[in-house]
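Here is the structure we will look at, set down as structure tokens.
The values are calculated or read from the model by the stated rules, or taken from the named source; none is laboratory data. Computed from a predicted structure; not experimentally measured. FYI the Cβ positions are ideal-geometry reconstructions off the backbone, even for glycines, and counts take in every protein chain you see. Please note that ligands, DNA and RNA were not included when accessible areas were found on the heavy atoms of the full protein model with its side chains. Shrake-Rupley method; radii C 1.70, N 1.55, O 1.52, S 1.80 Å.
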Amino acid sequence: MTIRKTLLTSLFFASGMSLATTALAQDTVTLRLHHFAAPTTPVQVQYLEPWAERIEKQSNGGIQVEIFPAMQLGGSAPSLYDQAKDGIVDIIWTLLSYTPNRFPESEAFDLPFIPTTGEATSMAAHEYAMQHMQGSLEGIYPIAVFAHTPGKIHTKDVTIEDADDVEGRTLRAPSKAMNRYFANLGARVVGMPFPQIPEAVSRGVIDGLTLPFESAEALGVLDMAKNHTFFEGDNGLYTAMMVLAMDQDSYDRLSPELQKVIDDNSGLQEAQRIGQVMDQAEQAAIDKVASRDDSKMIYIAEDAQAAWKSAADETIQEWIGSMDERGLDGQQLYDDATALVEKYTRQTQ
């Protein structure tokens, strides 16, 4: 964190009085926000930048936020969480699934067919994290915990129209839970960092990937992967839990007045705002791709999802068992996650 001091103009008094100079100094705290995504991603343009402006305005210039996208400050995406926790940067945006096994409770939101809208699922994710993840999040101040709009399957040279089409295909999945899910469907799953995806698609290293449209568009993937598989119904294929978090020490060093500004711009309402941004950006990207002559939009009806749901049930039971082995109540975590998604889906409809 960098602090610069501004010396205000001296005041001069005359008319028989001696010259007096009064220096009024105000500290401006500059918070560095680091994240993995492109600077054009909707979360930065439509949420992080307006959020930073709100912070500056409400603090009367006492806080300024500088945003560094695409890992500009160094390190890899999996290092982002520790960059905040260790005070290397002040604020980060990251996916918790970038560090498998570190946030086991969060994996409930990575399971297949959990999410509805980005808005409702983000609100559910935030409340869930406040209930179940206080210990895991120790050392950071969670500004918002959220989840993206349900991801879809994007492929280049093949089409995915039913579960059998996945068998033998090489797919990049976003999390340990979804890797297990696609493996249960017979796919060859590959893990790779976000920036490597476009080249892997272009060179045929992978047949396809899963991402929401808004992320795929910002990454440039939709110019190559032109077949897109959707799942009809209330619940989409998958999402991923993310966090916008501040180094606890950076927060603690703020004055009480500046802490209140951060407090007023944190919490459930911020998770909702990010979810809304993602939903809007997702629909805009879908509409854009749907208008192209060379794109194929494939919709799997609810009554044709039996095989997909069977593999999902298997994956969920495997995850519950793995949580039980770690001394966590996997069934309760899963039940709480699904109940919260249902609660906020009803509330936001």
Problem set entry | Distance from the stretch 103-156 to the stretch 284-349 (C-alpha centre basis), Å | 12 Å
Exercise. From a point 7 Å beyond the Cα of residue 332 in the direction of its Cβ, which residues of the stretch 281-322 have a backbone N at a distance under 17 Å?
Worked result: 320-322
Exercise. When we measure straight from the Cα of residue 296, which lysines land under 30 angstrom away, once same-chain ones fewer than 8 places off are left out?
Worked result: 152, 156, 176, 226, 288, 309
For this session: Enter the accessible area per residue of the chain (Å², integer; probe 1.4 Å; all protein chains in place).
Result: 43 Å²
Seminar exercise, completed: Rounded to one decimal in nm, the spacing of the 7 Å Cα→Cβ label points at residue 57 and residue 290 is 3.3 nm
Problem set entry | Top of 91, 320, 140 by mean-square fluctuation, Gaussian network on the chain, Cα under 10 Å | 320
For this session: Among 123, 33, 272, pick out the residue whose Cα is farthest towards the positive end of the charge dipole of the chain, where Lys and Arg carry +1 and Asp and Glu carry -1 on C-beta, about the Cα centre.
Result: 33
For this session: Give me the distance in nm between label points sitting 7 Å out from Cα along the Cα-to-Cβ direction at residue 157 and residue 253, one decimal.
Result: 5.3 nm
Problem set entry | Loop GluC sites (Glu not before Pro), the stretch 176-252, which have at most 15 other Cβ atoms in a 10 Å radius of their Cβ (DSSP) | 232
For this session: Using a 1.4 angstrom probe on heavy atoms only, work out the carbon and sulfur share of the accessible area of the chain in %.
Result: 48 percent
Exercise. About its Cα centre, what dipole magnitude does the chain give when the only charges are +1 on Lys and Arg Cβ and -1 on Asp and Glu Cβ, stated in debye to the nearest 20?
Worked result: 1120 debye
Exercise. Using a Förster distance of 35 Å, how high is the FRET efficiency between residue 66 and residue 130, based on the Cβ-Cβ distance and rounded to 0.05?
Worked result: 0.80
For this session: Could you work out the Kirkwood radius for the stretch 65-150, taking every pair of different alpha carbons, averaging 1/r and inverting it, reported in Å?
Result: 13.8 Å
Exercise. Relative to the present Cα-Cα distance, how much length would full extension add between residue 343 and residue 269 at 0.36 nm per residue of separation?
Worked result: 25.1 nm
Exercise. For labels at residue 301 and residue 40 in the simple 7 Å Cα→Cβ model, what's the distance in nm?
Worked result: 3.8 nm
Problem set entry | Calculated over the chain: convex hull of Cα atoms, volume per residue (Å³) | 152 Å³
Problem set entry | Radius 12 Å from Cβ of residue 272, net charge of other residues (Lys, Arg +1; Asp, Glu -1) | -3
Problem set entry | Dipole magnitude of the stretch 141-263, debye to nearest 20 (Cβ charges: Lys/Arg +1, Asp/Glu -1, about Cα centre) | 360 debye
Seminar exercise, completed: Summing -39500 (n - 2.57) over every DSSP H run of at least 4 residues in the chain and dividing by its residue count gives a helix-only mean residue ellipticity at 222 nm, to the nearest 500 deg cm²/dmol, of -11500 deg cm²/dmol
